[in-house]
Amino acid sequence: MLLRLPESVSEAQECIAEGAVPVGGATLIWAGWQRDGFPERAMSLRNVPEANVIASGALGAAVVLSRIDERVPEVLHHAAAGVGTGAVRRTATVGGNLVGSTLRCLLPAALVLNARGIVLDRDRVFETDLAEVVAKHHLLLSLHWREPLVSGYRKLSGEAGGAPPLAVAAAVHAHDDGLDRLHVAVRDGYEVLTDDVPCHAGGGAGADRAINALGDTSLGTLHTAAWDAVREHVIQLLARPVSR
Ligand SMILES: Cc1cc2nc3c(=O)[nH]c(=O)nc-3n(C[C@H](O)[C@H](O)[C@H](O)COP(=O)(O)OP(=O)(O)OC[C@H]3O[C@@H](n4cnc5c(N)ncnc54)[C@H](O)[C@@H]3O)c2cc1C
């Protein structure tokens with residue numbers, strides 16, 4: 001197997017044209033290759049600058065999870081910190097987690113940020129929503145979002161070998177019309193549900209109204225334990241002070 005390490009977007013596109021298989025940290029794909037055979041060519045985006053960015057509003061797909069810190073919103077930082085073991089986090093990448101894994105702890109966090117994916121294919125670079133990135137297994141270059149007023153993440157503890165633990169992500173975004181909007185995403189089993197409702201961030205006023213509104217969305221179909229976790233998370237988030 002030839003591992004290509006392109007240093008620019010155009011070099012990465014040449015690798016795609018040659019049929020190179022994308023690889024992140026190989027924490028998942030390696031076992032598959034050992035079982036089914038190695039591809040002729042693979043490609044890592046680790047030397048492409050755009051895939052390594054960590055900044056306000058941007059995160060590269062080749063960034064390893066252990067490098068994700070306070071430069072990104074709390075919801076994303078804490079989601080990354082909760083993935084697997086330290087050894088996994090030091091190797092696994094954002095792209096491998098969002099596009100290539102089944103657990104996708106980063107997905108609820110990215111959804112509540114309204115993050116968009118920048119995607120590479122052999123002859124264009126384009127922006128699209130995460131649902132499409134995941135469904136079509138696009139080659140993800142980076143994520144981009146507008147900073148929220150406040151955000152938070154909670155993953156319940158799970159049993160080894162059992163169902164994936166429930167994960168709740170939430171973020172409040174300010175809108176130009178002066179109204180805030182609460183976005184909540186829940187990973188329940190391998191399903192991710194997400195929805196958003198009007199709210200008022202800071203101080204907790206109106207939290208009950210926002211929770212009632214959430215109950216009328218797809219999240220209202222959650223089982224009791226999941227709904228209780230959402231409710232508690234939203235109450236705590238909306239009570240936190242925000243600076244506008
Ligand atoms: C012990 C253990 C515990 C784990 N616990 C958790 C957990 O708690 N939560 C969780 O979410 N995950 C968990 N995982 C999964 C972990 O997040 C994945 O192993 C990891 O995200 C895969 O990342 P990687 O960079 O190693 O991908 P790789 O193994 O390199 O690739 C996996 C797939 O992603 C594709 N891929 C890689 N980069 C990109 C890209 N930029 N664009 C598109 N496709 C790409 C590859 O082609 C491949 O199909 C665990 C894994 C292990 C081994």
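The numbers here are math on the coordinates, done by the rules we state, and not lab data. All figures in this text were calculated on a predicted structure; none of them were measured in a lab. Note that we place each Cβ from the backbone using ideal geometry, even for glycine, and neighbour counts take in every protein chain shown.
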Checklist outcome for this item: Where a ≥ b ≥ c are root eigenvalues of the Cα gyration tensor, a/c under 1.5 meaning rounded, otherwise prolate if a/b exceeds b/c and oblate otherwise, segment 12-76 counts as oblate
Next on the checklist: Using +1 at the C-beta of Lys and Arg and -1 at the C-beta of Asp and Glu, which of Leu3, Ala207, Thr102 has the Cα lying farthest in the positive direction of the dipole of the chain?
Outcome noted: Leu3
Checklist outcome for this item: Note on segment 162-239: contact order normalised by length, alpha-carbon pairs under 8 Å, 6 or more apart, percent, works out to 27 percent
Checklist entry - Calculated from DSSP H runs of 4 or more alone, at -39500 (n - 2.57) each and per residue, what is the 222 nm mean residue ellipticity of the chain, nearest 500? => result -8500 deg cm²/dmol
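Taking the Cβ of each residue in Val133, Val88, Val83 as the centre, tally the other Cβ atoms inside 10 Å and list the residues starting with the fewest.
On the way: Val133 25, Val88 16, Val83 20.
So the residues, fewest neighbours to most, are Val88, Val83, Val133.
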Checklist entry - What whole number of Å gives the distance from the Cα centroid of segment 227-244 to the Cα centroid of segment 53-91? => result 22 Å
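Is the shape of the chain best called rounded, prolate or oblate, per the rule: a/c under 1.5 gives rounded, else a/b larger than b/c gives prolate, else oblate, with a ≥ b ≥ c the square roots of the Cα gyration tensor eigenvalues? Working shown, then result.
Values: a/c = 2.32, a/b = 1.70, b/c = 1.36.
Taking the square roots of the gyration eigenvalues as a ≥ b ≥ c, the chain is prolate.
Which shape class applies to segment 131-229: rounded if a/c is under 1.5, otherwise prolate when a/b exceeds b/c and oblate if not, where a ≥ b ≥ c are the square roots of the Cα gyration tensor eigenvalues?
Working: a/c = 1.97, a/b = 1.19, b/c = 1.65.
Judged from the Cα gyration tensor, segment 131-229 comes out oblate (a/c at least 1.5, b/c at or above a/b).
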Checklist entry - Each residue of segment 55-64 in turn: what ³J(HN,Hα) in whole Hz from Karplus with 6.51, -1.76, 1.60 and θ = phi - 60°, glycine and Pro shown as x? => result 7, 4, x, 8, 8, x, 6, 8, 5, 7
Next on the checklist: Just to be sure I understand the rule: take each whole DSSP H helix in the chain, project its Cα atoms onto its long axis, keep it if the span is 20 Å or more and its mean Kyte-Doolittle hydropathy is at least -0.5. Which ones pass?
Outcome noted: 224-239
Checklist entry - Using modelled backbone amide H atoms (1.01 Å from N, in-plane), which distant-in-sequence or interchain residues come within less than 5 Å of Val150's amide H? => result Val172
Checklist outcome for this item: Whole-Hz Karplus couplings 3J(HN,Hα) for segment 104-110, θ = phi - 60° and coefficients 6.51, -1.76, 1.60, Gly and Pro as x, run 6, 4, 6, 5, x, 5, 5
Next on the checklist: Nothing charged except the Cβ atoms of Lys and Arg (+1) and of Asp and Glu (-1): what's the magnitude of the dipole of segment 162-239 about its Cα centre? Round to the nearest 20 debye.
Outcome noted: 160 debye
Checklist entry - Are there trypsin sites (Lys or Arg not before Pro) in segment 115-221 that DSSP puts in a loop and that have at most 14 other Cβ atoms within 10 Å, and which ones? => result Arg122, Arg146
Checklist outcome for this item: If each K or R counts +1 and each D or E counts -1, the residues other than Val150 whose Cβ falls under 13 Å of its Cβ total 0
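What GluC sites (Glu not before Pro) in segment 49-93 are in a loop by DSSP, with at most 15 other Cβ atoms within 10 Å of the Cβ?
Working: sites: Glu50, Glu70, Glu74; in loops: Glu70.
Counting only loop positions with at most 15 other Cβ atoms within 10 Å, the GluC sites (Glu not before Pro) in segment 49-93 are Glu70.
Trypsin sites (Lys or Arg not before Pro), restricted to segment 61-97: which are DSSP loop and have at most 16 other Cβ atoms within 10 Å?
Details: sites: Arg67, Arg71, Arg89, Arg90; in loops: Arg71, Arg90.
For trypsin sites (Lys or Arg not before Pro) across segment 61-97 that sit outside H, G, I, E and B with at most 16 neighbouring Cβ atoms in 10 Å, the list reads Arg71, Arg90.
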